[in-house]
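Right, one structure below, let's go through it.
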Amino acid sequence: MTLPATIASAIEAAHYDQVEDEWLQRVAASPTDVETFASAARALAGAGEDERARFLLELLDDALRERGLWAARLTLLRRAGSLLLDPEAIHPQILETLRHLHPESTLLDEMAEALGLHRATHDLPKTWEKVARLRELMALDVGTLVAMDGQGVGRIVEANFPLESFRVEFAGRTLNVRFRGATKALEPLPPGHILRRKIEEPDVLKALAKNDPPELLHAVLASRGRAMTAGEIKADLSGVITDSRWTSFWSAARRHPQVVVTGAGARQTYAWAESSGQAHQAVWDSFATADVRKKIDLLRREGGRADELVDRMAEDLERLGAAAAADDPGLAFEVRGALERAGREPQAPELAPAELAGGTRKRAEALLAGVEDRTQRERAAELVRAERDDWRQVYLARLSREEDSRVLDLLFDALNEDSGEGLAPEVSSWVESLLAQPHRQPAAFLWLAERAGSEEMLRRNPLRLLQQILSAPVRNEFAPFRPRLRALLDTGGTVPRLLASLSEDQAAAALEAVHRAGMLENYERDALSRALETRFASLRGEQSAADVLYALPESIAAKRAELDRIAKVELPANRKAIEEARAMGDLRENFEYKSARQRHEYLSSRAIELNAELGRARPLDLAQVDASQVRVGTRVRLAGSDGERELTVLGPWESDPDQGVISYQSELGESLLGKAVGDEVTVDGGRVRITAVEVATAPAR
């Protein structure tokens, strides 16, 4: 540290009484400013005032000891010990100070011995290295609560010096952590740390979550001592706040005037300012240096703060928006929207609605193209329709460039408003261009494919749309949209509806498209193929009888109920889970997102499988079964060297070999079909004879 100018000049002028006076004043006011005292003592020694330096250091040392400032005293010994004490006296004083710093420790003596603190005491640089290491490890004394990545919160229960490791107990498991890596792997949790409070006072935290969300957020940020992302905060509060209550808690907590938000998206962080005034100044500092769109975002996000701050932000933003209106009407429109949302009606004539939407058609097209925010682009489109007679031409031009599904909905619906059951001619031409070359507008084609699932007029060419959907994922242009393309296969999605819209003469081409589709897993390809073959007799050929799946009516009803539950309950809930997980940030490290996506793949494949099987299923009426020979729906009695046994032959959905129910598709079932009383068959390697065949009864459920 630089020596204070007053002390430096006094030493240079040999005004040592003045040095002593200032020294005593500093000891009274800030005795822990050890670096300043050490610098002054070395300067005195350099001027030949060694005894004076020692005397003043002794005064400081006495003050530190009297006040119990042992950490500062240890620093004093390290920075000025050679001026204060004889060399051989420093080591004992280090040990004494360490004992005062850790009066209740059970590890100090053993740790000092293990680190060799009592050896080579004359080598002070090495001694101080050992002290620093000891201080790090003493923060991990037995009984200390610690946090460890991937393990959660645990407690140190033992220090094993022969093995040089700590034993740490976590919930349900124990780990040994070597001394060498312990300070990096284990984070001591001081009193008040949020992870410690979750263990020691969970009810207090739950009460805060319910009654004072901002104070709980303050507790998290204070215990961490740094800005945190929403995902990090949520992780710290797991077990305190349930997933169902997180949204309401977070909305209330982050609106506190002392919360300062920095960044955007998944990297957005939250910090707690010491006062509302400091928070407002931090917001203004960020606003003043931001570009226009960042200013828009900050005004939207911080619009609930003090009126004086919001007025200042709005005034600056309106000035910039008016200046941008001539060259960038889209940006100017977004500025107007931000001011309106903040309750500040813009006064600049350049930001008037008629002015923004007026001018040439090219300027109106530039307006829609320049609005980046999707909601604002919808509003801009509505303004264009209200202000311009040539709005249809403007909409058509935008339709060929738009990528957002909701804006495409708005443009499409407006253009098609008076077309009755069909499509407006210009819209029909646009749809045909999408079907012909979907890679030129991948986002718009995906919108078309998704909307076709609910609008029959967009399925006028089901074969072409099916072919393009199945071939699209292999093209690089569709790389960002592959998950949404796969969702089109879901039950109730576009692809199953397209299959139902196909004609008999289109069936073979559709089946070929399914077989050639690179996006499909084998189970998906098989399910779609079976669905086509079930629907179209021309595809079944001689295999049609073999494709039938016989099942009891109760089994068919159960499978239909399962499919209905997946389509109406589980898949919608899973999609919501995916969106919530996606909102948590970086998808590469997002376990919740990956887990939800895996669940989605399972549910989708299960739904496709059930849909295909139900298409093949035929109810088995036991009252109509002919028991003259073994058929599906009969009970067979077998006699052999091991005695008698009974088997019931039913469908694969009823199969339960442990209860004597076998599928007619199993190897044993196939060997029994068509046999009559008196015939012999091989079962489990032995010959048995059929002694009775009778109509089966439905198995109990």
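Computed quantities for the displayed model
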item	result
Interatomic Cα distance distribution for segment 1-141, bins of 10 angstrom, percent	11, 40, 30, 15, 4, 0
Gyration tensor over alpha-carbon atoms, segment 547-701, equivalent ellipsoid semi-axes in Å	44, 17, 11
Semi-axis lengths (Å, descending) of the ellipsoid that matches the C-alpha gyration tensor of segment 424-493	18, 15, 10
Violating pairs (Cα-Cα greater than 19 angstrom) within the set Lys130/Lys184; Lys198/Lys234; Lys184/Lys594; Lys206/Lys234	Lys184/Lys594
Pairwise centroid distance, computed over Cα atoms, of segment 112-137 with segment 31-85, Å	21 Å
Distance cut-off 18 Å, percentage of C-alpha pairs in segment 326-431 lying past it	47 percent
Per-selection Kirkwood Rh - segment 612-679 (Cα, Å, 1 d.p.)	12.7 Å
Debye intensity ratio in log₁₀ form over the Cα atoms of segment 113-166, taken at each q of 0.20 Å⁻¹	-0.79
Positive minus negative residues near Pro462 (Lys, Arg vs Asp, Glu; Cβ under 11 Å)	+3
Segment 160-276: antiparallel DSSP beta bridges as a percent of all, rounded to 5	95 percent
Rg/Rh for segment 445-548, where both radii come from Cα atoms and Rh is the Kirkwood radius	0.97
Rule-of-thumb Rg ratio for segment 380-499 [Cα; 2.2 N^0.38 Å; N residues]	1.06
Anchor Lys559: lysines whose Cα lies under 25 Å away (excluding residues fewer than 8 positions away in-chain)	Lys568, Lys576
Sites matching chymotrypsin sites (Phe, Trp or Tyr not before Pro) across segment 257-320 that sit in DSSP coil, with at most 16 neighbouring C-beta atoms within 10 Å	none
Compactness relative to 2.2 N^0.38 Å, alpha carbon Rg of segment 233-340	1.23
Solvent-free Debye scattering, log10 I(q)/I(0), computed from the Cα coordinates of segment 92-201 at q = 0.12, 0.21 Å⁻¹	-0.44, -1.13
Formal net charge of residues neighbouring Val261 (Cβ-Cβ distance under 9 Å; K, R +1; D, E -1)	+1
Per-residue [θ]222 nm for the chain (sum of -39500 (n - 2.57) over DSSP H runs n ≥ 4, rounded to 500)	-17000 deg cm²/dmol
Segment 651-676 and segment 186-219: distance between their alpha carbon centers, rounded to Å	60 Å
Convex hull of Cα atoms in segment 191-246, direction-averaged projection (nm²)	3.5 nm²
Heavy-atom accessible area per residue - the chain, 1.4 Å, Å²	51 Å²
The chain: equivalent-ellipsoid semi-axes (sqrt of 5 x gyration tensor eigenvalues, Cα, Å)	72, 47, 19
Charge sum, other residues only, whose C-beta stays under 15 Å from Asp564's C-beta, Lys/Arg counted +1 and Asp/Glu -1	0
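The values are calculated or read from the model by the stated rules, or taken from the named source; none is laboratory data. What you see is a predicted model, and the numbers here were worked out from it, not measured in a lab. Glycine also receives a Cβ, built like all others from the backbone with ideal geometry; neighbour counts cover every protein chain displayed. Each accessible area value is taken on the protein alone, full model and side chains, heavy atoms only, with ligands, DNA and RNA left out. Shrake-Rupley method; radii C 1.70, N 1.55, O 1.52, S 1.80 Å.
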